[in-house]
1. Residue by residue through segment 23-33, note down the ones that are exposed (fewer than 12 other Cβ atoms within 10 Å of the Cβ) and either under 16 Å from LYS68 (Cβ atoms) or of a type outside the set (D, E, K, R) (or both).
2. Need a quick list: strands (runs of 3 or more DSSP E) entirely within the chain having at least 2 residues that are under 12 Å from the mean Cα position of the chain (by Cα) and modelled with pLDDT of 90 or more.
Amino acid sequence: MKENQTQHQARANDQITTCPECQQVLPKIAKTCFSCGAEQVQETEPCANCGFETQVSSKFCPSCGTHK
């Protein structure tokens, strides 16, 4: 059971970030901080296989499924 909890926590941690201005915990999909209003920069890079812009933190391309 602890193994499942650890996996769930790892997935949850992949979905959060902190605001660089105020350190508020935010979902990675946030475009602005709901605490201070600072714009959240989404770092992207092109997929090596198909060129689709993916988040740097992504492990797989959402377009073609290639592992990064």
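The values are calculated or read from the model by the stated rules, or taken from the named source; none is laboratory data. Keep in mind that what you see is a predicted model, and the values were worked out from it rather than measured. Heads up, the Cβs are rebuilt from the backbone with ideal geometry, glycines too, and the neighbour counts pull from every protein chain shown.
1. GLN23, VAL25, PRO27, ILE29 - these are the residues of segment 23-33 that are exposed (fewer than 12 other Cβ atoms within 10 Å of the Cβ) and either under 16 Å from LYS68 (Cβ atoms) or of a type outside the set (D, E, K, R) (or both).
2. Filter on the chain gives 25-27.
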